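Report on the structure given below.
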Amino acid sequence: MLYLQMKATLIFIKKPAKKEIAMGCFNLGVLHIEGQGAKQDFKKAKEFFGKSCDLKEQAGCDRYKMPNKKRH
């Protein structure tokens, strides 16, 4: 059940990210870091954090600068 909820969350968040909404990009990055609703993929997470940063979301910039490992 939790897996289905996370999958629905991923689908819901992906839509704003495609429209280049900064927080949507940031949230997708977090899901990829945690491996929740998406395969854990640090490279893809960093791409989403970079896009979020480009759209002026400071949290995205902060996460983008972190090393490529699990971030808490």
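The residue that is nearest to L28 (Cα to Cα), counting only those in segment 39-70 that are among the aliphatic types (A, V, I, L, M) and surrounded by fewer than 20 Cβ atoms within 10 Å (Cβ to Cβ), is A59. Residues in segment 46-58 that are closer than 16 Å to E34 by Cα and either in contact with a His (Cβ under 8 Å, 6 or more places away or on another chain) or in contact (Cβ under 8 Å) with a residue 24 or more places away in the chain (or both): F48, F49. Condition first: out of contact with any Gly (no Cβ under 9 Å at 6 or more places or on another chain), at pLDDT below 70 and at positive phi. Can you find one or more residues in segment 14-27 that meet it? Yes; the residues of segment 14-27 include at least one that is out of contact with any Gly (no Cβ under 9 Å at 6 or more places or on another chain), at pLDDT below 70 and at positive phi.
The number of residues in segment 34-57 being part of a helix (DSSP H, G or I) and at positive phi comes to 0.
The values are calculated or read from the model by the stated rules, or taken from the named source; none is laboratory data. All of these numbers come straight from a predicted model, not from anything done at the bench. Note that we place each Cβ from the backbone using ideal geometry, even for glycine, and neighbour counts take in every protein chain shown.
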